[in-house]
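Visitor: Right, I'll just put the structure down here and ask away after.
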Amino acid sequence: MNLGKMDVFEFKDAKCNPDIIHPYTQNLKNNSVPIVIDNGSYMSRAGWSTSEAPVLQFKNIIAKPRKERSKKDTIEPIQIPQLQVGNDILNIEAVRFQLKTQFDRNVVTHFEAQEHLFDYTFTHLGIDTENSVNHPLFLTEAFLNPNTSRQLMSELLFECYGIPGVVYGIDSLLSYHYTQAKPLENALIINLGYQTCHVIPVLGNKTVFENTRRLNIGGWNVITFLHRILQLKYPAHAAAVTLSRAEELLHTICVIASDYKEEMKRWTDNEYYEKHIKKIQLPFSSASTSSALTLEQQKERKRELARRLTEINARKREERLAEDQEKLRQLLEIQEIIDFGADKDEVDNILAEYQLRNVNDLQKSILNLNMKIEKIKQKITAANNTEDLEEPPVKQAKLSKMVFENESALHSFLDNIKKMKQDILNKKLMRKQRKQDIFKRRTAAGQERMRIISQLARKEKGNDDFGMRDEDWDIYKTISKDGGDSDSDVENEKLLEFEEILRTHDPQEFDEHANLGELHQLHVGIERYRAPELIFKPYMSGSPEAGLSEVIGYVLSLFGDEDQLKLAANVVVTGGLANLKGLRERLLVDLISIRPFRSEVNVSIMGDSSLTAWYGARQFVRSGEFKKCLLTKNMFEEYGPEYFKTHVASNIYYPTPNESLIDVDV
C-alpha cells in the first residue's frame, strides 16, 4: 500500500500479469529435466529443477463462465465462453462468483479443474510434445492425503499426460528438511496454510503422523472474517471493500497481538486510537463545481453560447419555411385542379390523401399556411437586421465579502455562524433519528406511538370524535410520521445562507474535495488485531474448534516429558500466514505459559515461507533420493493407482483395505 499525505494509505489493487509461454530448449527436452510443482490450495508454483526460482506462480483458480442460452427461434449456435485460468484472470473481483478451484479444503477433489490447471502449467512451461509430457514430476500434496485423491491424481498424470514418473511430497516437511543447512532431528512444525493449519511433530527425522493435528482455520477464513467485519462497520462502502482488498490489508497492516485483551483495552484511549489508527483511502470521483474562468472569459463564453443558439434558431426557421412553402405549393396545385373542374371521385381521393375532408378545409389550410409563412419571414428579417446580440446579464453574487475591524471580529462572526449552522443540522438530525425510532418496536418513541394508537383504537365505534378538539392535534403530531415537526423552508434557506457566508469568508471550511475524500476512508483500528486473532480464537467466527495455541499444547501433551522438551525447543513456523507481524512473539508467550518453569522454548519463522516448499522440492529432486522414490508407469500398473514410494518428506503409505477383509458387526 502507498503512504500518502497525513498517513493515509491507498490500495494498490494489484492486477495479475498474464504469463508468457517460456522457451522449451533442447537441453530441457533431450535431458528430460524434472518438473517441480508446489500444488498449494492458494498458489501453484511450477518450474524446472534446474531453475533458480519458480518459472510460474499463479493462483490455483479458474473462471468458468456460464454458457449463454440461445433463443428457441434463432438458428445461431450457442457460444461457449472462454475459460480463464490462473494469471489470465486480470480482475478477480469481476468474476468472483465464477471462480472454481480443484480443492475442497486442502485436498484435491475436482479433477476437471485440476486438468485445466495442469494444461495451463505445461503449456506455459513451453512443453510442445504431442499427447505426452516426457518429464518426471515432483508434486506436493496434502498432509495424510486420502488414497482416493492420490489415485485419481496418478491416473490423471499417467493416463492423460503420459509422464514417465512422479514423486509426491508434503510442502511443510519439504520446507523443513531441504531448505535449511542443518535441520535438527526434532522439531514441531506449524504449517499455516490457506485453508488449514497443521501442527506436525518430528522426532529423530521421522514424522509422527498419529500425533499430528489439523486446524480447519487458515488464511481464507481470516480474509473473509476481516472482509465481513469491515463491511459491517462501513455498510455504505460494502461494495468497495472486496475480498482482494481485505487480503491486501491482512498482509500489509494486520498484526497479531501478544496479549489480545490488553491490546483491546489500549484502544479505548482516544490518544492511543489517534496515534495507531490506519486510514485507508477508497477510490472515489468528484466533479469540480468551482469554475476557474475569469469574469471576462465567462462573458465571452456566454456570448458564444448565445451566438450558437441564434444560429440554431435561424436554421430551424429556414427549414420550417421551406417545408411550409412546399406544402403550400402542393395545396395550391390541388386548388388549381379543382378549379379546372376535375371529377368528384378524383377530388375526394386527393383530399383524403392530404387528410382533408372537403374543399373548405383545403382553403382554410391554404390561408393558415400563408399566415404562418408570413410570420416566419418577419422573424427572419428581424433577426438579420439585429447586428449586435444582447449581452446576457452577469449573475450578481448573492453576498459580497463583508469588512471587519480586525481578525478577531471575523473569527467571532464565523464562529457564531458555524454555531447557528450546527444547531440547524442537529435539529434536522434529531428529526431524522425520531423518524427512524418511531417505527422500531423497542424504542421509547415507537412504544409511545403504539400506546396512543391502541388507546384510540379502543374507543367505541360510532363515537369517533377525534379531531373535534384542539388538543387532538397534539396527539396527531405525536403519532404522525414526522412527529409533528419537519424540516421547514425557513431552516433550509437559513442553512444555505450560512453556507454561502462561510464559503465567502472561510473557503477552507468548504474544501469539498477533501471532505468527500474523508467520507471515502476506512479507519482500521482493532480490526488489524481482531482478524488474525481468529487463528487463536476460532469461536469468533462461530467455529467450535480449539485455537492454534491450544492445539499445540494438546499435541505436546501426547508425548512424554523428554520428547516435549525436544519439540518445544525447536518450533518452526512455515506457510503463507507465517509472515504476519507479531506471530513469533505471540507463540512464544503462549508456549511459555503452558510449558514448565524455565524450560527451553524456541520459535523460528522460515524465511520466504511461501516459497520454501518449492525450493525444498527442487533440492530433493537434485539429490539422489529422487530417482529412488520415483513412481514409474510400470509400478503404477503393477501395484495399483494409489501406490507411491515414501521418503522423509512424504506421507506414509497405507493400502486401502480390501472390502472382503473388513468385518462388520451386525
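The values are calculated or read from the model by the stated rules, or taken from the named source; none is laboratory data. Predicted model, so just to flag it, every value in this text is computed and none were measured. Cβ atoms come from the backbone with ideal geometry, glycine included; neighbour counts cover every protein chain shown. SASA here: full protein model, heavy atoms, side chains in, ligands and nucleic acids out. Shrake-Rupley method; radii C 1.70, N 1.55, O 1.52, S 1.80 Å.
Visitor: If amide hydrogens are placed 1.01 Å from N in the peptide plane, which non-local residues have theirs closer than 5 Å to the one on Gly575?
Guide: Under 5 Å from the amide H of Gly575 lie the amide H atoms of Leu192, each far enough along the sequence or on another chain.
Visitor: Residue by residue through segment 22-33, which ³J(HN,Hα) values in whole Hz follow from phi under the Karplus form 6.51 cos²θ - 1.76 cosθ + 1.60 (θ = phi - 60°), with glycine and proline marked x?
Guide: For segment 22-33, the Karplus curve yields 6, x, 9, 6, 5, 4, 5, 6, 6, 8, 6, 5 Hz.
Visitor: For Glu550 and Thr109, what is the calculated FRET efficiency with R₀ set at 35 Å and r taken between the beta-carbons, to the nearest 0.05? List each step's numbers first, then the result.
Guide: Working: r = 29 Å, r/R0 = 0.82.
It comes out at approximately 0.75.
Visitor: Here's a follow-up. When the convex hull of the Cα atoms of segment 123-278 is projected onto a plane and the area is averaged over all directions, what value comes out in nm²? Walk me through the intermediate numbers first.
Guide: On the way: hull surface 61.0 nm².
So the mean shadow area of the Cα hull is 15.2 nm².
Visitor: Show me, for segment 106-120, the HN-Hα J-couplings you get by feeding each phi into the Karplus relation (A = 6.51, B = -1.76, C = 1.60, θ = phi - 60°), rounded to Hz, glycine and proline as x.
Guide: 10, 10, 6, 10, 9, 7, 5, 5, 4, 5, 4, 6, 5, 4, 4
Visitor: Provide the packing ranking of 646-657, 162-173, 182-193, i.e. peptides ordered by the mean count of other C-beta atoms within 10 Å per residue, highest first. Please report the intermediate quantities before stating the final value.
Guide: Numbers: 646-657: 14.8, 162-173: 24.1, 182-193: 20.2.
Highest to lowest by the protection proxy: 162-173, 182-193, 646-657.
Visitor: Counting only heavy atoms of the protein chains, get the accessible area per residue of segment 536-615 (1.4 Å probe) and round it to a whole Å² value.
Guide: With the other protein chains kept in place, segment 536-615 gives 47 Å² per residue.
Visitor: Pop out the carbon and sulfur fraction of the accessible area of segment 580-655 as a percent, whole number, probe 1.4 Å. Please list the in-between numbers first.
Guide: Details: 2150 of 4060 Å².
Its accessible area is 53 percent carbon and sulfur atoms.
Visitor: Separate question: At R0 = 56 Å, how high is the FRET efficiency between Glu353 and Cys160 if r is their beta carbon distance? Nearest 0.05 is fine. Could you put the intermediate results ahead of the total?
Guide: Working: r = 76 Å, r/R0 = 1.36.
Step by step, r from the Cβ atoms, then E = 0.15.
Visitor: Quick check: residue separation of Glu271 and Asp345 times 0.36 nm, minus the Cα distance between them. What number comes out in nm?
Guide: Details: separation 74, 0.36 × 74 = 26.64 nm, distance 9.91 nm.
Full extension from Glu271 to Asp345 adds 16.7 nm.
Visitor: Also, I was wondering about something else. Which value, in debye to the nearest 20, describes the size of the charge dipole of segment 43-193 about its Cα centre when Lys and Arg Cβ atoms bear +1, Asp and Glu Cβ atoms bear -1, and nothing else is charged?
Guide: Details: 13 positive and 17 negative charges, 116 e Å.
Dipole about the Cα centre, nearest 20: 560 debye.
Visitor: Something else about it: Taking a label point 7 Å from the Cα of Ile380 along the Cα→Cβ vector, which residues of segment 321-340 have an amide N closer than 18 Å to it?
Guide: 321-330
Visitor: Find the relative contact order for segment 119-257 and round it to a whole percent, using C-alpha pairs within less than 8 Å whose residues are 6+ positions apart.
Guide: On the way: 145 pairs, mean separation 19.2, N = 139.
Across segment 119-257, relative contact order equals 14 percent.
Visitor: Sticking with this one: Please find the FRET efficiency linking Lys435 to Lys299, where r is the Cβ-Cβ separation and R0 is fixed at 30 Å, and quote it to the nearest 0.05. If you can, show how the numbers build up before the last one.
Guide: Values: r = 47 Å, r/R0 = 1.55.
So, using R0 = 30 Å, E works out to roughly 0.05.
Visitor: For segment 489-624, would you read off the P(r) tail past 20 Å as a percentage of all alpha carbon pairs? Intermediate values should be presented prior to the final figure.
Guide: Working: 6255 of 9180 pairs.
Of all Cα-Cα distances in segment 489-624, 68 percent exceed 20 Å.
Visitor: With charges set only on the Cβ (+1 for Lys and Arg, -1 for Asp and Glu), what does the dipole of segment 563-666 come to about its Cα centre, in debye to the nearest 20? Write down the numbers at each step before the final one.
Guide: Values: 12 positive and 12 negative charges, 164 e Å.
Around 780 debye, computed over segment 563-666.
Visitor: Between segment 79-144 and segment 535-559, what is the separation of their alpha carbon centroids in Å?
Guide: 33 Å
Visitor: Note down the net charge around Glu545, summing +1 for each Lys or Arg and -1 for each Asp or Glu among other residues with Cβ under 11 Å from its Cβ. The partial results should precede the final answer.
Guide: Details: positive: Arg213, Arg214, Lys537; negative: Glu550.
Taking every Cβ under 11 Å from that of Glu545, the sum is +2.
Visitor: Moving on to the next point. Return the distance in nm (one decimal) between the two label points of a simple spin-label model at Glu318 and Asp361, each offset 7 Å from Cα along Cα→Cβ.
Guide: Between Glu318 and Asp361, the simple spin-label model gives 3.5 nm.
Visitor: Additional query: Return the distance in nm (one decimal) between the two label points of a simple spin-label model at Thr123 and Ala181, each offset 7 Å from Cα along Cα→Cβ.
Guide: About 4.4 nm separates the two model spin labels.
Visitor: Sorted by mean Cβ packing within 10 Å, highest first, what order do the peptides 323-334, 568-579, 617-628 take?
Guide: 568-579, 617-628, 323-334
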